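Engineer: Just dropping this structure here.
The values are calculated or read from the model by the stated rules, or taken from the named source; none is laboratory data. Quantities reported herein were computed from a predicted structural model and do not represent experimental measurements. Note that we place each Cβ from the backbone using ideal geometry, even for glycine, and neighbour counts take in every protein chain shown. All accessible areas refer to the heavy atoms of the entire protein, side chains included, with ligands and DNA or RNA removed. Shrake-Rupley method; radii C 1.70, N 1.55, O 1.52, S 1.80 Å.
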Amino acid sequence: MPISSLKLLGPSPDAALIARRSPAEHVTAATPPIFLAHALDDPAVPAENSVIMMRAMQAAKRPVEAHFFQRGGHGFGTGEPDLPASAWPDLFLRWIADRVAAA
């Protein structure tokens, strides 16, 4: 069990609790657009969580953009300049500009 799940749900969560706390389980046609940025070396949250969310958004035909970075760790914020994950703020700003232009 990933560290994030263990901390959020405890050591033996039942299926109902997992479903209730899983954002991907609650994606609907009304879910707002989502931008995902995830480091593949995140020790706390597996990148698969972001993949699952991206797939849920695609299944609901909702706008989603996802970026996966080789290095960045967990909670990389605006990122250390020498890490690949530091590119996410610029990618996010471009994504927002595209969303505004499309509106």
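Engineer: Anything in segment 16-56 that is more than 12 Å from the chain's Cα centre (by Cα), among the aliphatic types (A, V, I, L, M) and at pLDDT 95 or above? List them, or say none.
Structural biologist: Within segment 16-56, Val27, Ala29, Ala30 meet the criteria.
Engineer: For segment 19-35, which residues satisfy the criterion of being assigned to a helix (DSSP H, G or I), free of Cβ contacts under 8 Å to residues at least 12 places away in the same chain and open to solvent by 80 Å² or more (accessible area, probe 1.4 Å)?
Structural biologist: Those that are assigned to a helix (DSSP H, G or I), free of Cβ contacts under 8 Å to residues at least 12 places away in the same chain and open to solvent by 80 Å² or more (accessible area, probe 1.4 Å): Arg20, His26.
Rundown of residues vs (1) of a type outside the set (A, V, I, L, M); (2) in contact with a Lys or Arg (Cβ under 6 Å, 6 or more places away or on another chain); (3) in contact (Cβ under 8 Å) with a residue 24 or more places away in the chain, yes/no style:
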position	(1), (2), (3)
Val64	no, no, yes
Phe76	yes, no, yes
Gly79	yes, no, no
Asp82	yes, no, no
Ser86	yes, no, no
Asp98	yes, no, no
Ala101	no, no, no
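Engineer: Filter segment 43-95 down to the residues that are closer than 27 Å to Ile18 by Cβ, surrounded by 14 or more Cβ atoms within 10 Å (Cβ to Cβ) and of a type in the set (D, E, K, R) and list them by number.
Structural biologist: Listed by number, the residues that qualify are Arg55, Arg62, Glu65.
Engineer: Being at pLDDT 95 or above and in a helix (DSSP H, G or I) is the filter here; which residues of segment 57-87 pass it?
Structural biologist: Met57, Gln58, Ala59
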